[in-house]
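This report concerns only the one structure given below.
The values are calculated or read from the model by the stated rules, or taken from the named source; none is laboratory data. Computed from a predicted model, the values in this text were never measured in an experiment. All Cβ positions, even for glycine, are placed from backbone atoms using ideal geometry, and neighbour counts span all protein chains on display. In case anyone asks, the SASA skips ligands and DNA or RNA and just uses the protein heavy atoms, side chains included. Shrake-Rupley method; radii C 1.70, N 1.55, O 1.52, S 1.80 Å.
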Amino acid sequence: MAKQEDDFKKVISHAKEYGYVFQSSEIYDGLSAVYDYGQNGAELKKNIREYWWTSMVQLNENIVGIDAAIFMHPTTWKASGHVDAFNDPLIDNKDSKKRYRADVLIEDYVAKIEAKIEKEVEKAAKRFGDSFEKEQFLTTNQRVMEYQEEATRILKRMGKSLANEDLADVKKLIEELEIACPMSGSKNWTDVKQFNLMFGTKLGASAENTTDLYLRPETAQGIFVNFSNVQKSGRMKIPFGIAQTGKAFRNEIVARQFIFRMREFEQMEMQFFIQPGTQKEWYEIWKQKRLKWHLSLGLGTENYRFHDHDKLAHYADAAADIEFRFPFGFKELEGIHSRTDFDLANHEKYSGKKLQYFDPEKNENYVPYVVETSIGLDRMFLAVFSHALQEEELDNGTVRTVLRLPSVLAPTKAAVLPLVKKDGLPELAQEIVEDLKWDFMVTYDEKDAVGRRYRRQDANGTPFCITVDHQSLEDHTVTLRHRDSMQQQRISINDVKGIIHKEVDMKSWLKQMV
Ligand code: ATP
């Protein structure tokens, strides 16, 4: 467990150090479960999105992509079931009449235990002076270890009760811990109730004239409400799919695993519209197709598994997750859901508009059934990034940190490095950059010894380094260094583009799906 946590911490700090992911508004101490993507993260994210979009939209004649708005008519969320059934636990104090999130009360209690630990650390630091070792103190001091165990036990129990929707146990935990209302000091609590996960906002300029809206908690509904628009304007014939990528927002309660669970995140979803009765078949097809997409990136078959749901969401008649081995264990990466006609039929009911398809072969109208594939872009980012980050012991006994991103997804494909900063080498290196930049993201780096620059690019995930030396001026050749094998080859400058292209070309990666 400790190793897992340690590995995960390394992932988070590497993501920050190399410009992949930053905490949102960090200068103001951050905003919980909200993150920003840096210069490299934005590229990696864009490349993952493109890899998904190409496989879905470009490679499937019967799938088209749309880009629906985040704001939708509020009745959408009544029809979809989110107003009534998309909830988290909440508790009221009977004396102060104040309302709290049950989990936050418990978390605050744990924060007090953590504050006690900090106090012990401060005291000991004073006592031992320069010889104080914080890590050692934390892992050997009896009292501190007890505090830590208590904190972990409480958080674990809360997480388990929430996951099991055992709200009675959440209340029992609050009572056992004798948590009092911060306002009244009273321990007189109501039962824990559900709290809706959707973020509300308002549309309109004046207070009297506003409409309550929600930030969408999933992108899927933007597809459903546009079903007829797309079907008619695109003259789509069933079976066909509509894909989209975009932001979704959830006021998540347990949001502690970096970009695994965020309050603002991005989804990549595809709704496949089919004839009623064919859903089992299509559900199996899409499960397999999506797994193949994942496997095409070469992160290892052993790191994926299916998890079939026993407890189905309100809209589904079958559902499975594709789970990935994250640094903290196997967890959901993507969901494949057989959604029946739940969404379209409800939108028909609430809007009063027909959302049906006239099937020319059967000569009849029907509300299509839907099989959905839904993946979090940020979760996919975390899967790729955490798997890629490796520490590798080299023959000379040193350790190199290398980010083995699939080269098709790597933010920068090549770094061009003049061996020295003089004798015309920077100029030739810049010429190479000028030529390559039309095809790939490339970078130029002339600072530090070339060995250090190689390590920097390894840690950054750049698949190729191109080194320009004095010989380059004479015979127009360079050294091409491969990130993964560290092998170097002497090649003509004219061949550089072709070699990189062969390695990073999306086509050859995606072809592994078929
Ligand atoms: P979980 O069980 O992890 O809360 P979910 O079953 O609620 O996820 P879905 O509603 O099926 O998730 O959403 C589809 C996908 O969207 C998930 O597989 C996941 O990749 C992603 N996703 C959902 N919630 C979040 C979140 N808060 N942060 C990042 N990604 C998310």
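What to note about this one:
- Subset of the stretch 414-439 [under 29 Å from the mean Cα position of the chain (by Cα) and open to solvent by 20 Å² or more (accessible area, probe 1.4 Å)]: 437, 439
- Hits in the stretch 317-343 - residues which are of a type in the set (A, V, I, L, M, F, W, C) and open to solvent by 20 Å² or more (accessible area, probe 1.4 Å): 318, 328, 330, 342
- Residue that is of a type in the set (A, V, I, L, M, F, W, C) and either in a loop (DSSP other than H, G, I, E, B) or free of Cβ contacts under 8 Å to residues at least 12 places away in the same chain (or both), where the choices are 145, 158: 145
Rundown of residues vs (1) over 25 Å from residue 268 (Cβ atoms); (2) in a helix (DSSP H, G or I), yes/no style:
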| residue | (1), (2) |
| --- | --- |
| 330 | no, no |
| 334 | no, no |
| 338 | no, no |
| 350 | yes, yes |
| 362 | yes, no |
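- Scope the stretch 286-308; condition assigned to a helix (DSSP H, G or I), of a type outside the set (D, E, K, R) and either open to solvent by less than 10 Å² (accessible area, probe 1.4 Å) or in contact (Cβ under 8 Å) with a residue 12 or more places away in the chain (or both); matching residues: 286, 291, 293, 294, 295, 303
- Residues (assigned to a strand (DSSP E or B) and of a type in the set (S, T, N, Q)) located in the stretch 266-285: 267, 271
- Between 344, 382, the distinction of being away from the ligand (no atom under 16 Å from the Cβ), in contact with a helix residue (DSSP H, G or I) (Cβ under 7 Å, 6 or more places away or on another chain), aliphatic (A, V, I, L, M) and not in a strand (DSSP E or B) belongs to 344 only.
- Of all residues in the stretch 62-79, those satisfying the criterion of being under 15 Å from residue 215 (Cα atoms), in a loop (DSSP other than H, G, I, E, B) and more than 24 Å from the chain's Cα centre (by Cα) are 73, 74.
- Strands (runs of 3 or more DSSP E) wholly inside the stretch 200-265 that include at least 3 residues being open to solvent by less than 10 Å² (accessible area, probe 1.4 Å) and touching a residue at least 40 places away in the same chain (Cβ under 8 Å): 240-249
- Taking (1) within 15 Å of the ligand (Cβ to nearest atom); (2) under 22 Å from residue 64 (Cα atoms); (3) in contact with a strand residue (DSSP E or B) (Cβ under 8 Å, 6 or more places away or on another chain) in turn, residue 221 satisfies each apart from (3).
- Residue that is farthest from residue 146 (Cα to Cα), among those in the stretch 74-111 that are surrounded by 12 or more Cβ atoms within 10 Å (Cβ to Cβ) and basic (Lys, Arg): 78
- Against the list (1) over 30 Å from residue 513 (Cα atoms); (2) open to solvent by less than 50 Å² (accessible area, probe 1.4 Å), the condition residue 54 fails is (1).
Rundown of residues vs (1) closer than 30 Å to residue 22 by Cα; (2) of a type in the set (Asp, Glu); (3) within 16 Å of the ligand (Cβ to nearest atom); (4) touching a residue at least 24 places away in the same chain (Cβ under 8 Å), yes/no style:
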| site | (1), (2), (3), (4) |
| --- | --- |
| 358 | no, no, no, no |
| 413 | yes, no, no, yes |
| 428 | no, no, no, yes |
| 433 | yes, no, no, no |
| 445 | yes, yes, no, yes |
| 453 | yes, no, no, yes |
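- The stretch 360-379, subset within 16 Å of the ligand (Cβ to nearest atom) and among the polar types (S, T, N, Q), residue least open to solvent (accessible area, probe 1.4 Å): 373
- Out of 144, 170, sole residue that is open to solvent by less than 60 Å² (accessible area, probe 1.4 Å) and either closer than 22 Å to residue 257 by Cβ or touching a Ser or Thr at 6+ places or on another chain (Cβ under 9 Å) (or both): 170
- For the stretch 9-33, the set of residues classified as surrounded by 12 or more Cβ atoms within 10 Å (Cβ to Cβ), on the phi < 0 side of the Ramachandran plot, at pLDDT 95 or above and of a type outside the set (D, E, K, R) consists of 11, 12, 14, 15, 18, 20, 21, 22, 23, 24, listed by residue number.
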